[in-house]
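To keep things clear, I will list the structure first and then write my remarks on it.
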Amino acid sequence: MTTNTTAAYGTSGIDSATATATAAATTAIATAEAARTRLDFAKSAPKVFRAIVGFDAAAREGLDPALVELIQIRASHLNHCAYCLHMHTNDARKAGESEDRLHMVAVWREARHFFTEKEQAALALTEAVTLVADGGVPDDVYARAAAHFDERELAHVLALILTINTWNRVALATGKVAGTDERR
């Protein structure tokens, strides 16, 4: 005999559990943010902060918003930046990105069928530029990206990779807390 989960537990139990978990996460984020002792970069260096914001906005110009988020998510994975990863996966969801693709970004080489050739070229370039100290940007990775993007687009993709790496480093150096998004 099968039991209907909703009938057995009632929807109010599920809603209550979800609400409790959400409240606990919100409290934990607030506690972590309150405990943060590092400087507020935007307040301490406003001119520099605005310059990075401007660089970021210019880098995005003309690029597909979904591609922008994939690049930012992959660089944030590589840099272990939970703050930016949380922010950009949320932005990607709001832009209509699927959960399946979001889960596969970190392992895109093993899940190529989730991504277009152009996206794969951008992700490979993101990895090479982000991990540049590990061997530079290989000619084949650059050539593959150049085959999918015109020169203007490629310059913007590179600029976007540079900006997300800058944002990751700012967030990590200043102890930003995942789950907070100061853009709101």
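Scanning the stretch 106-144 for residues that are among the small types (Gly, Ala, Ser) and more than 20 Å from the chain's Cα centre (by Cα) yields Ala133, Gly135, Gly136, Ala143. Does Glu97 qualify as being more than 15 Å from Asn168 (Cβ to Cβ) and open to solvent by less than 60 Å² (accessible area, probe 1.4 Å)? Yes: the conditions hold for Glu97. Close contacts from the stretch 128-155, counting a first residue that is among the basic types (Lys, Arg) and a second that is in a helix (DSSP H, G or I) and open to solvent by 80 Å² or more (accessible area, probe 1.4 Å), with Cβ to Cβ under 9 Å and a gap of 6+ residues or different chains, come to Arg144/Glu117. In the set (1) in contact (Cβ under 8 Å) with a residue 60 or more places away in the chain; (2) surrounded by fewer than 16 Cβ atoms within 10 Å (Cβ to Cβ); (3) more than 19 Å from Arg50 (Cα to Cα); (4) small (Gly, Ala, Ser), the condition left unmet by Ala173 is number (3). Checked against the criterion of being part of a loop (DSSP other than H, G, I, E, B), more than 19 Å from Asp56 (Cα to Cα) and either open to solvent by 60 Å² or more (accessible area, probe 1.4 Å) or of a type in the set (D, E, K, R) (or both), the stretch 144-152 contains one or more residues that satisfy it. Filtering the stretch 128-180 to residues that are modelled with pLDDT under 95 and of a type in the set (A, V, I, L, M, F, W, C) leaves Val177, Ala178. If you go through the stretch 63-113 and keep only what is within 16 Å of Leu162 (Cβ to Cβ) and in a loop (DSSP other than H, G, I, E, B), you end up with Leu63, Asn79, Cys81. Within the stretch 77-94, the set of residues being surrounded by fewer than 13 Cβ atoms within 10 Å (Cβ to Cβ) and not basic (Lys, Arg) comprises just one member, His80. The residues in the stretch 88-117 that are of a type in the set (A, V, I, L, M, F, W, C) and touching a Phe, Trp or Tyr at 6+ places or on another chain (Cβ under 9 Å) can be counted, and the count is 5. Identify all residues within the stretch 114-136 that are surrounded by fewer than 18 Cβ atoms within 10 Å (Cβ to Cβ) and outside any helix (DSSP H, G or I); write none if there are none. Across the stretch 114-136, the qualifying residues are Thr116, Leu131, Gly135, Gly136.
The values are calculated or read from the model by the stated rules, or taken from the named source; none is laboratory data. Computed from a predicted structure; not experimentally measured. Using ideal geometry, Cβ is built from the backbone for each residue, glycine included, and neighbour counts are taken over all protein chains shown. All accessible areas refer to the heavy atoms of the entire protein, side chains included, with ligands and DNA or RNA removed. Shrake-Rupley method; radii C 1.70, N 1.55, O 1.52, S 1.80 Å.
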